[in-house]
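**Student:** First the structure, then my questions, so here it is.
The numbers here are math on the coordinates, done by the rules we state, and not lab data. All values reported here derive from a predicted model rather than from experimental measurement. When we count neighbours, we look across all protein chains shown, and the Cβ atoms used for this are built from the backbone with ideal geometry, even at glycine.
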Amino acid sequence: MERVIISAIEIQDLSKNYGSIRALDSIQINVTTGSIYGYLGPNGAGKTTTMKILVGLLHYQSGSVKIFGQEVKKAPNEIRNYVGFLPDAELPQNSSIERFLTLTAKMNNLTGRKNCISEVLNKLGLSKLRNRKISNLSRGQKQRVGLANALLTDPPLLILDEPNRGLDPIARMKVLALLKNLAKEGITIFLSSHIIGEIEKIATDIAIIHQGKIIEQGKRSELQGQILEHKRYLITGELDIKKVANFNYISSCKIDCLGRYNIVASGNVTEEQLLLDLIQEANSRIKSFSSAETSLEDLFLGSINEKIKEGVVI
Ligand code: ATP
């Protein structure tokens, strides 16, 4: 007998308009169970809209959205039993951690499971703070309370909207380590971010959204394969950046914080050809030229620029 594998999340042809604003444009996403799926995009790309639709907080115009095989529109209440959601929103500041979680437990009919709050506080290292008012917590502690809230129902799927927003590097690494451990316990994680460097450390799969369209998607290893097809160069001197960006093999060209030109080119162009074109076509005065490692961040920016050149996004 053939085994049917049900996806944790299956989105097909999903579109969403806010009045005249097209927030999502025919997006397709498939999150297999057990994966850590990074949903990446710049501000305003459509990440929060997608997540709110997934948890039944927003209606959508067209398409299909399924969680563990069930259409969200048809069973919004049942779906909430399977999903822990961390919204990109403030927690109730005047409540203590314990009172806040007790309310969530009551709303989810968990009052019979008295230990669930202690268990989750323990897991997130919040036991000693349980009576502390939320307004008196640090950002990192508040984010852990948000995660505790999402985990309270012991859901098989976590949907986390920017779990690292506003955290310092150490707190961010702690959250990522925690998510990795949760994934090891078998929880599927769908998380958004606009900081690609961090997600690339833990994600098994990645989708990049820009202006409501998915412009890149795949296993992290596949995307890293694409990275290897690109080369990054660091140049000092003077360049006409607009002319360089228009070379057909250039996927991104920007000035970094050290004032160097940072160029990502597709792998089929040789260094000699690039140098020649820079001198002849962009009237460059080059002081230094070296190659550097590419990252998912380069691919992310490069994909957006390539789609802009193709006219897919503006
Ligand atoms: P960020 O990283 O800044 O949180 P995002 O990727 O989560 O951004 P969304 O919040 O989903 O992006 O917004 C997608 C688009 O929809 C944006 O153009 C935004 O301005 C628009 N938008 C979001 N919510 C509303 C709303 N309630 N009414 C009108 N437009 C909205």
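**Student:** Roughly how many nanometres apart are two label points built 7 Å out from the Cα toward the Cβ at Lys287 and Leu275?
**Tutor:** 1.8
**Student:** How long is the gain from Gln224 to Glu185 if the chain were fully straight, where each residue apart is worth 0.36 nm and the alpha carbon distance is subtracted?
**Tutor:** 11.5 nm
**Student:** Something else about it: Once you sort the root eigenvalues of the Cα gyration tensor of the chain as a ≥ b ≥ c, which label holds: rounded (a/c under 1.5), prolate (a/b larger than b/c) or oblate (the other case)?
**Tutor:** Cα axes put the chain in the prolate bin.
**Student:** Another one. Taking the Cα centroid of the range 58-110 and of the range 163-193, what is the distance between the two, rounded to the nearest whole Å?
**Tutor:** Computed from Cα coordinates, the inter-centre distance equals 19 Å.
**Student:** Cut-off is 10 Å between beta-carbons; in what order do Glu200, Glu272, Glu229, Glu119 appear when sorted fewest neighbours first?
**Tutor:** If I rank by nearby Cβ atoms, fewest first, I get Glu272, Glu229, Glu119, Glu200.
**Student:** At 0.36 nm per residue, minus the direct Cα-Cα distance, what do Arg132 and Lys74 gain on full extension? Give it in nm, one decimal, please.
**Tutor:** Result: 17.0 nm gained on full extension.
**Student:** Now for a different question. Report for the chain the percent antiparallel among DSSP-assigned beta bridges with both residues inside it, nearest 5.
**Tutor:** Bridges in the chain are about 70 percent antiparallel.
**Student:** Related question: Determine which aspartates and glutamates satisfy two conditions relative to Lys52: a Cα distance under 17 Å, and not lying fewer than 8 residues away in the same chain.
**Tutor:** Cross-link targets: Glu10, Asp13, Asp25, Glu71, Glu78, Asp88, Glu90, Asp161, Glu162.
**Student:** Here is a further query. Just rank Glu185, Glu162, fewest to most, by other beta-carbon atoms within 10 angstrom.
**Tutor:** Neighbour counts put them in this order, fewest first: Glu185, Glu162.
**Student:** Net charge near Gly146: determine it from the other residues with C-beta under 13 Å of the C-beta of Gly146, scoring Lys and Arg +1 and Asp and Glu -1.
**Tutor:** Its environment carries a net charge of 0.
**Student:** Report, ordered by chain and residue number, the lysines lying within cross-link reach of Lys242, taken as a straight Cα distance under 18 Å and ignoring same-chain residues fewer than 8 apart.
**Tutor:** Answer for Lys242, where 18 Å is the Cα cut-off: Lys254, Lys307, Lys309, listed by chain and number.
**Student:** Can you put Lys180, Lys66, Lys174 in order of Cβ neighbours within 10 angstrom, beginning with the fewest?
**Tutor:** Listed from fewest to most nearby Cβ atoms, that is Lys180, Lys174, Lys66.
**Student:** Shape of the range 229-310 from its Cα gyration tensor (a ≥ b ≥ c, root eigenvalues): rounded if a/c is under 1.5, otherwise prolate when a/b > b/c, or oblate?
**Tutor:** Rounded shape, in that the Cα axes give a/c under 1.5.
**Student:** Another question about this same structure. Cα gyration tensor of the range 87-132, axes a ≥ b ≥ c as square roots of the eigenvalues: rounded (a/c below 1.5), prolate (a/b > b/c) or oblate?
**Tutor:** oblate
**Student:** Net charge around Asn17, counting only other residues with Cβ within less than 15 Å of its Cβ (Lys, Arg = +1; Asp, Glu = -1)?
**Tutor:** +2
**Student:** Through the Karplus equation 6.51 cos²θ - 1.76 cosθ + 1.60, θ set to phi - 60°, convert the phi angles of the range 187-194 into ³J(HN,Hα) values in whole Hz; use x for Gly and Pro.
**Tutor:** Karplus-based 3J(HN,Hα) across the range 187-194 equals 7, 7, 10, 10, 10, 9, 6, 10 Hz.
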